[in-house]
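**Q** After the structure tokens below, expect a handful of questions from me.
The values are calculated or read from the model by the stated rules, or taken from the named source; none is laboratory data. None of the values given here were measured: they were computed from a predicted structure. No Cβ is skipped: glycine too gets one built from the backbone with ideal geometry, and neighbour counts run over all protein chains shown. Areas reflect the complete protein model, heavy atoms only, side chains present, ligands, DNA and RNA absent. Shrake-Rupley method; radii C 1.70, N 1.55, O 1.52, S 1.80 Å.
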Amino acid sequence: MEQRNKKRSNRSKTKIIPPKKKRPESLSRDEVRSINKKKIIRKRKAERLAMLSALALAVLSIGVLLIMVLFFKIDTIKITGDKVYADKEVVLQSGIETGDSLIRVRENKINDILTKNLPYVGKITIEKKLPDTLIINVSATREVVAFQSGAGFILVDADGKVLSENASILRDNVAVVSGIKVKEASAGEVITFSDEKTTDAFMGLLTAIKNSK
């Protein structure tokens with residue numbers, strides 16, 4: 001019994017020592033080539049996996065975009081905000097039609113079109129309600145400065161945009177400016193003057209009007 005116990009105790013004390021790794025300088029050429037080959041294979045597999053993952057993501061993104069463009073078509077256009085123009089006129093001038101892609105409508109582009117074609121539109125914001133509704137919110141602008149032009153007036157808003165080239169009526173709280181020669185005044189465009197100093201002085205006047213409300 002004692003001998004068996006001694007054998008068991010000796011076995012339990014026995015440690016398994018893993019084989020030592022060879023140092024690089026002690027490896028043979030074939031072993032070095034084998035190791036390098038395995039490294040290259042692992043690297044290529046990792047690169048291939050990364051490329052396939054990127055390709056799959058790109059295909060998925062394109063697919064989602066195509067689905068959104070093809071299936072989310074405008075069916076309803078709503079005009080909200082200030083009623084400076086008829087809803088039909090706003091829709092007509094925007095160039096948007098039912099059946100157009102809802103996703104491809106760009107607010108900046110529509111804003112530039114409407115503020116130019118409809119001078120009394122100061123700014124617009126767009127809301128897209130999936131799957132088929134486009135909401136255009138209109139903020140109006142109004143004249144703050146007027147220039148005498150024949151029997152009428154050139155009306156200009158606080159950003160220097162011409163609202164009317166020959167208005168017959170002048171509302172209250174509009175400053176009438178004289179002594180400045182207007183070079184060009186087209187509705188929907190920023191007014192221009194004969195020289196840069198005059199332009200700077202006029203823009204300074206508009207800033208003062210904005211600040212004083």
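**Q** Looking at the stretch 177-189, can you tell me whether even one residue there is polar (S, T, N, Q) and more than 18 Å from VAL84 (Cα to Cα)?
**A** Yes: one or more hits.
**Q** For the stretch 123-130, state whether one or more residues are open to solvent by 90 Å² or more (accessible area, probe 1.4 Å), among the basic types (Lys, Arg), more than 18 Å from GLU89 (Cβ to Cβ) and under 35 Å from the mean Cα position of the chain (by Cα).
**A** Yes, some residue in the stretch 123-130 is open to solvent by 90 Å² or more (accessible area, probe 1.4 Å), among the basic types (Lys, Arg), more than 18 Å from GLU89 (Cβ to Cβ) and under 35 Å from the mean Cα position of the chain (by Cα).
**Q** Of all residues being under 10 Å from LEU206 (Cβ atoms) and of a type in the set (A, V, I, L, M) in the stretch 149-164, which is modelled with the lowest pLDDT? Just the residue, please.
**A** By that ranking, first place goes to ALA158.
**Q** Going by the structure shown, is VAL177 at negative phi, buried (at least 16 other Cβ atoms within 10 Å of the Cβ) and of a type in the set (Val, Ile, Thr)?
**A** no
**Q** OK, next. Among the strands (runs of 3 or more DSSP E) contained in the stretch 96-213, which hold 2 or more residues that are touching a residue at least 12 places away in the same chain (Cβ under 8 Å) and touching an Asp or Glu at 6+ places or on another chain (Cβ under 9 Å)?
**A** 121-129, 133-140, 145-149, 152-156, 162-167
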